């Protein structure tokens with residue numbers, strides 16, 4: 001399910017991320033907070049949550065799906081779930097990005 005940040009009860013490192021934006025502005029996927037890498041801000045469009053695609057796929061696999069089924073589920077139900085201009089995005093990180101030490105505690 002995808003919810004607005006206003007509809008979820010968040011505590012911890014994501015609090016500071018969400019308090020910078022309107023409560024109903026950011027759409028988030030329930031159960032995938034640990035896969036959030038940040039917020040994408042775009043000129044003339046609402047800010048959107050950005051997820052690490054590989055972390056999302058791995059979470060689906062850890063939840064019992066095969067790799068093929070995880071990619072199919074992600075393709076249809078997550079990246080394929082168009083909810084308007086606020087629909088979250090997914091990034092495929094480079095190895096260099098993953099190796100960097102993140103200064104922000106929300107990035108693992």
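Where a number appears in this text, it was derived from the coordinates with a stated rule and is not lab data. From a predicted model like this one, the values you see are computed outputs, not experimental measurements. All Cβ positions, glycine included, derive from the backbone under ideal geometry; neighbour counts span all protein chains shown.
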Note on the stretch 60-80: residues exposed (fewer than 10 other Cβ atoms within 10 Å of the Cβ) and over 19 Å from residue 30 (Cβ atoms) are 68
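Criterion first (surrounded by fewer than 12 Cβ atoms within 10 Å (Cβ to Cβ) and touching a strand residue (DSSP E or B) at 6+ places or on another chain (Cβ under 9 Å)) does residue 41 satisfy it?
On the way: surrounded by fewer than 12 Cβ atoms within 10 Å (Cβ to Cβ): yes; touching a strand residue (DSSP E or B) at 6+ places or on another chain (Cβ under 9 Å): yes.
Considered against the rule, which asks whether it is surrounded by fewer than 12 Cβ atoms within 10 Å (Cβ to Cβ) and touching a strand residue (DSSP E or B) at 6+ places or on another chain (Cβ under 9 Å), residue 41 comes out as yes.
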Can you tell me which residues in the stretch 62-95 are assigned to a helix (DSSP H, G or I) and touching a strand residue (DSSP E or B) at 6+ places or on another chain (Cβ under 9 Å)?
74, 78
